[in-house]
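What follows is a set of notes on a single structure, which appears directly below.
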Amino acid sequence: MAYFIGVMSGTSMDGVDAILTDITDTAIAPIAAVSVPYPEELLDQLHQLCIISPNEINHLGQADRAVAKVFAQAVNKLIAERQLSPADIRAVGSHGQTVRHYPDGPPGTSGENGFTLQIGDPGTIAALTGIDVVADFRRKDIAFGGQGAPLVPAFHAAKFAKAGHNRVIVNIGGFANLTVLRGLDSSAIKGFDTGPGNVLMDAWCRKHRNTLYDVDGHWAASGKVYQPLLNSMLADGYFAQTGPKSTGREHFNLTWLQQHLQALDTDLAPQDVQATLLALTATTIAKAIEQQDRIEQCFVCGGGAFNKTLIAKLKELLPQISVAATDNLDLHPQWVEGVAFAWLAWAYMHRVPGNVPSVTGASRAVVLGNLTLAD
């Protein structure tokens, strides 16, 4: 028995998930999970950090500690609920909270110093939990020429690959990414970010309904897709790129959406925009899957797996492919990324490479992360 805890907050920023997982060389067994929301003040601060603004270093430094405290709170809550002690946990694998992602460099730069930035001070997590912490998983991949994302395909292969099955694992968080698994052939693993997942739909909900997200996609279902807007967004050059590729809020955000709306010079009902944003997410995922040969199964995880309207649209666009949530593979859709970072902590401890060069574009497979000791 080797317990690891994965702690994850994605670009949707809808809360911090901590997943207790028993990991060995031959098995990955999730046991329990907790979720802790960000305090409203911190959530506002994180959204501001995703936008270039004054006093960024001061705000970044404070948020780095504040995020770490929420991560530690989630870990401690999970341990208490399971009646465990810090000594029972080999390590915490912390993804951190992404606030910038420029693997090819910010616009207008040469790109030679591209970077990605996740906050959530591992020293604070270690101090408040009494557990060793493995964190900072993305930057080493970038140092070897990669995108630093997606990082979950190696875990997807370890957990979900099955002999004789060509399947795609689609994670729909703030952004959507997919992993192509062809049986147990590790050399055939592919993956990349397909584009926006929930990020634009969530932002539009906050703007027009003052809610964090569209529950079950009901608001989108009440609107009608406006095809000229959908066509305009689909013409974005990112969707035509081939992998390796990754993206983030730096590219797809409300400013980007507003530019498309203004170019159309028409007055759309907010629910019609929401319906069109949902269609954008579903269409870009479906097109990315259609570009892969001989895919038979699609398993969805992340918050988007619970958007009934979105899943129905995916099924409509992929009539020849079975579409289901990852709980059909014995892993709850909301747990997948948390378990992935528990596994990445295990991989660090066992010197197992955590990236897939064919996915990220790195020059070679490398062990990811840095260790912060609790003592």
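General remarks:
- Among the residues of the range 1-10, the ones that are surrounded by fewer than 22 Cβ atoms within 10 Å (Cβ to Cβ) and under 21 Å from PHE137 (Cβ atoms) come to 2 in all.
- Lone qualifier among LEU280, LEU212 - being part of a loop (DSSP other than H, G, I, E, B), touching a residue at least 60 places away in the same chain (Cβ under 8 Å) and aliphatic (A, V, I, L, M): LEU212
- Residue match in the range 266-277 (condition: surrounded by fewer than 20 Cβ atoms within 10 Å (Cβ to Cβ), in contact (Cβ under 8 Å) with a residue 12 or more places away in the chain, outside the structural domain of SER12 (by TED's automatic domain parsing) and of a type in the set (A, V, I, L, M, F, W, C)): yes
- Subset of the range 26-61 (residues that are part of a helix (DSSP H, G or I), more than 22 Å from VAL7 (Cα to Cα) and at pLDDT below 90): GLN48, GLU56
- Every pair of residues 6+ apart whose Cβ atoms lie under 6 Å, when the first sits in the range 335-352 and is surrounded by fewer than 23 Cβ atoms within 10 Å (Cβ to Cβ) while the second is in a loop (DSSP other than H, G, I, E, B) and not aliphatic (A, V, I, L, M): TYR348/GLY369
- Selection within the range 221-234 - in a helix (DSSP H, G or I), within 13 Å of LEU268 (Cα to Cα) and in contact with a helix residue (DSSP H, G or I) (Cβ under 7 Å, 6 or more places away or on another chain): PRO228, LEU229, LEU230
- Filter result for the condition that a residue is under 20 Å from GLN274 (Cα atoms) and in contact (Cβ under 8 Å) with a residue 24 or more places away in the chain, over LEU200, LEU181: LEU200
- Being in contact (Cβ under 8 Å) with a residue 60 or more places away in the chain and farther than 28 Å from GLY15 by Cα is a condition met by no residue of the range 304-320.
- Top-ranked residue in the range 126-141 [being part of a helix (DSSP H, G or I) and touching a Ser or Thr at 6+ places or on another chain (Cβ under 6 Å); ranked as surrounded by the most Cβ atoms within 10 Å (Cβ to Cβ)]: ASP141
- Applying a threshold of 7 Å to beta carbon distances and a minimum spacing of six or more residues, or different chains, the list of pairs starting in the range 108-135 at a residue that is without any contact (Cβ under 8 Å) to a residue 12 or more places away in the chain and ending at one that is acidic (Asp, Glu) reads GLY111/ASP104.
- When residues of the range 322-337 are limited to those that are among the hydrophobic types (A, V, I, L, M, F, W, C) and not in a loop (DSSP other than H, G, I, E, B), the one nearest to LYS162 (Cα to Cα): LEU329
The values are calculated or read from the model by the stated rules, or taken from the named source; none is laboratory data. Since we're looking at a predicted model, the values are computed, not measured. We place every Cβ from the backbone using ideal geometry, glycine too, and count neighbours over all the protein chains shown.
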